[in-house]
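The block underneath contains the structure these notes are about, expressed in structure tokens.
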Amino acid sequence: MSDEPQTQIQQIQPSPPPQTPGSPALTKSLGPAASVTASADSPGPRTRVWFTRLLVAGLVLAALNLRPAITSLGALLEEVRDGLHMSGSVAGVLTSVPPFCFAVFGFAAPRLARRFGPGAVVCAGMVAITAGLLIRPLAGGTAGFLAASAVALMGIAVSNVLMPVIVKRYFPDRVGTMTGLYSMALALGTALAAAVTVPMTEALGGSWRTGLGVWAVLAALAVLPWLGLVREHGTSAPPSSSPSHAATVPGPAQASVSASTPGLRLGRSRTAWALACFFGLQATGAYITMGWMPQIFRDAGISAGTAGLLLAVIMVMGVPLAFVIPRTAARMKNQGPIVIALGLCGLSAYAGLYLAPAEGAWVWAVLLGISNCSFPLALTMIGMRSRTGAGVVRLSAFAQSTGYLISIPGPLLVGVLYQHTGGPGLPIALMATFLLPQMVAGIVAGRDRTIEDEARMRD
């Protein structure tokens, strides 16, 4: 990884005032970042270790909460539809809400991060997820249910965008490893919600409202480490002062670093657009899978509990692979071969679902789970396609927000096809078709170049 972000910080960080190291005045003027330049007998190393551990815990807990709001709903979609008297088309709208919110609120994430700091924004995101999951089961109609879902999804959206940013800033020499860690936690949370929502709902009395609302407890736990990070270390977030440190404490200079990246016009970058299309198409498949795959299995004669377990299998495949794929991709100059391999697994799964959905259900679930690991691959490529932390902020927001805009029609179209055809045949064919342009976009996005290189080439 380039040392350019660190160089920029050193250039713009103000000189320390003339107080002695460790004095209260010096600590107040520099904030926690004083530990980076403190003397050998200062508590700086212990502060860095404590901060790193808290940050890793925060990343893992936040990632665990980035999908249960969606997959828990997918497992109980039929019950929610009956309880709120939804048609197939309205249910399609409901499953399109996640990418819509991710697109709208994702564009706001970089500006919010510059003003308040990425840690504070992620903390607020966890609070929004908790509030949305608490309020959603209390809704008496579709409009209230959608509004409460949007609150939770708003928190998920800003956290989605800022996760690669935080990894790039605090772990510049471990992008693949840390991306794999939180991607693995994200997949685990996704699979957990899919697997246990139905049996937990039955154990708690059978009400879908209780089964959805209980996930607010996990979201509330994720608020705690981020409150600690924001309270003890402020809201700014620069990278490590040295690549030898996995993380360091925040300092005051980051807002200036992130505020502008002159010369980068992402709308004219082929790599940025390829990443956005790849991200959007994989998101299309993912949200159709999370929202409709249990219903597809139930239509094939599989029970609701087993359908939830099959969705859990799809998601749990991402637990080991979300750790392996980013690390492997980070070592490769071109990620195109991984894109092709994942796409072929998806095409095989959809062919099996079309021809023998019940007979080979577990095999198709495994293959589809492998294919869905395009998500951590996309996040890894976002971190690799820019040389600077500020560039990753903009590229992450552009690729994810534009990508989620691209993904909005997919789940809605599946709902319409379901209502008018009465079966999963056409939806499955549509999902397979989406994989073809996804593979093409991924091959382009996986080339060994950065958005800064493209900007220089245009100039």
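The values are calculated or read from the model by the stated rules, or taken from the named source; none is laboratory data. Values in this document were obtained by computation on a predicted structure and should not be read as measured data. Methodologically, a virtual Cβ is constructed for each residue, glycine included, from the backbone with ideal geometry; neighbour enumeration extends over all protein chains shown. The area values use the complete protein model at the heavy-atom level, side chains included, leaving out ligands, DNA and RNA. Shrake-Rupley method; radii C 1.70, N 1.55, O 1.52, S 1.80 Å.
A compact table of results
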read-out	value
Where a residue in segment 121-148 is more than 25 Å from R231 (Cα to Cα) and of a type in the set (S, T, Y) and its partner, wherever it lies, is open to solvent by 10 Å² or more (accessible area, probe 1.4 Å) and assigned to a helix (DSSP H, G or I), with Cβ under 8 Å and at least six apart	T142/L84; T142/V90
Residue that is modelled with the lowest pLDDT [pool: residues in segment 418-442 that are crowded, with 20+ Cβ neighbours inside 10 Å and over 23 Å from the mean Cα position of the chain (by Cα)]	Y418
Which listed residue is within 19 Å of V60 (Cα to Cα) and either open to solvent by 50 Å² or more (accessible area, probe 1.4 Å) or in contact with a strand residue (DSSP E or B) (Cβ under 8 Å, 6 or more places away or on another chain) (or both), from R174, R169	R174
Residue list for segment 188-214, restricted to those being open to solvent by less than 10 Å² (accessible area, probe 1.4 Å) and either of a type outside the set (S, T, N, Q) or under 16 Å from the mean Cα position of the chain (by Cα) (or both)	G189, T190, A191, A193, A194, G211, L212
Selection count, segment 414-459, where residues are touching a Ser or Thr at 6+ places or on another chain (Cβ under 7 Å) and hydrophobic (A, V, I, L, M, F, W, C)	4
Residue that is farther than 30 Å from G228 by Cα, open to solvent by less than 10 Å² (accessible area, probe 1.4 Å) and at pLDDT below 85, where the choices are G291, G280, G263	G291
Qualifying residue in segment 360-383 (condition: in contact with a Leu (Cβ under 6 Å, 6 or more places away or on another chain), touching a residue at least 60 places away in the same chain (Cβ under 8 Å), among the hydroxyl-bearing types (S, T, Y) and within 17 Å of N160 (Cβ to Cβ))	yes
Cross-chain or 6+ apart pairs with Cβ under 7 Å, segment 401-424 first and within 21 Å of A300 (Cβ to Cβ), then among the charged types (D, E, K, R) and at pLDDT 80 or above	G423/D299; P424/D299
Test for S401: is it at pLDDT 85 or above and open to solvent by less than 40 Å² (accessible area, probe 1.4 Å)	no
The lone exception for G206 - which of (1) in a helix (DSSP H, G or I); (2) farther than 15 Å from M315 by Cα it fails	(1)
Members of segment 59-76 that are modelled with pLDDT of 85 or more and out of contact with any Gly (no Cβ under 8 Å at 6 or more places or on another chain)	L59, V60, L61
Test: residue in segment 131-138 that is open to solvent by 10 Å² or more (accessible area, probe 1.4 Å) and closer than 24 Å to L54 by Cβ	yes
Residue in segment 77-90 that is at pLDDT below 50, over 28 Å from the mean Cα position of the chain (by Cα) and surrounded by fewer than 16 Cβ atoms within 10 Å (Cβ to Cβ) present	no
Selected residue (only one of L413, L435, L417 is touching a Gly at 6+ places or on another chain (Cβ under 6 Å) and part of a helix (DSSP H, G or I))	L435
Among (1) surrounded by 21 or more Cβ atoms within 10 Å (Cβ to Cβ); (2) part of a helix (DSSP H, G or I), the one test that T52 misses	(1)
Residue among P326, P320 that is of a type outside the set (A, V, I, L, M, F, W, C), modelled with pLDDT under 90 and buried (at least 23 other Cβ atoms within 10 Å of the Cβ)	P326
Long-range neighbours under 7 Å by Cβ, at least six apart or interchain, first residue of a type in the set (G, A, S) within segment 160-181, second open to solvent by less than 20 Å² (accessible area, probe 1.4 Å)	G176/P326; G176/A329; G176/T380; G180/A322; G180/P326; G180/P376
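One line per residue, one yes/no per condition, for (1) closer than 27 Å to I406 by Cα; (2) touching a Pro at 6+ places or on another chain (Cβ under 6 Å); (3) open to solvent by less than 10 Å² (accessible area, probe 1.4 Å); (4) touching a residue at least 40 places away in the same chain (Cβ under 8 Å):
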| site | (1), (2), (3), (4) |
| --- | --- |
| T284 | yes, no, yes, yes |
| Y287 | yes, yes, yes, yes |
| Q295 | yes, no, no, yes |
| A304 | no, no, no, yes |
| V316 | yes, no, no, yes |
